[in-house]
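Take a look at the structure set out below.
The values are calculated or read from the model by the stated rules, or taken from the named source; none is laboratory data. All values derive from a computational prediction rather than experimental measurement. When we count neighbours, we look across all protein chains shown, and the Cβ atoms used for this are built from the backbone with ideal geometry, even at glycine.
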Amino acid sequence: MEEVDKNQIILILVITNLIFFVATVSLGRQVYRQKISLAKEINLRFDLEAKEAEFNKTIGRAEEKIKTLERGLEEEKAVRASLEKTLEETKEELEKTTKLKEALEEDLKEALVKNKSLRK
């Protein structure tokens, strides 16, 4: 009976070893899958970080362009205001000149009328 007990113990140890072997192989496969998954995630993160950096550069360039355009717009507003002021001054001068011309024409008409009346 001792031999049967030894065979049972050996059989139990073999089955236990097989269970541990299968468990070890299964865990190894899980670790390998997780390692591959982690590598993919790291690569994805690096790609996203590179895209984010490029996007930030693009935003920076766009902001600089906006600032440049705003400065140009302010300069154009200043030029327009100056032109409007000059135009207003020119209109005033034109009105003064027109009034002066009308006054001179009146004086000329009066002089012609006096001249005609003196000749007769």
Task: Filter result for the condition that a residue is among the polar types (S, T, N, Q), surrounded by 10 or more Cβ atoms within 10 Å (Cβ to Cβ), modelled with pLDDT of 95 or more and over 40 Å from the mean Cα position of the chain (by Cα), over Thr90, Thr68, Thr58, Thr86 - done: Thr90
- [ ] Tell me which residues, restricted to the stretch 5-49, are polar (S, T, N, Q) and at pLDDT 95 or above.
- [x] Thr16, Asn17, Thr24, Ser26, Gln30, Gln34, Ser37, Asn43
Task: Flag for Glu2 being at pLDDT 95 or above and not polar (S, T, N, Q) - done: no
TODO: Among the residues of the stretch 93-120, write down those that are of a type in the set (D, E, K, R) and either surrounded by 10 or more Cβ atoms within 10 Å (Cβ to Cβ) or at positive phi (or both).
DONE: Glu93, Glu95, Lys96, Lys99, Lys101, Glu102, Glu105, Glu106, Asp107, Lys109, Glu110, Lys114
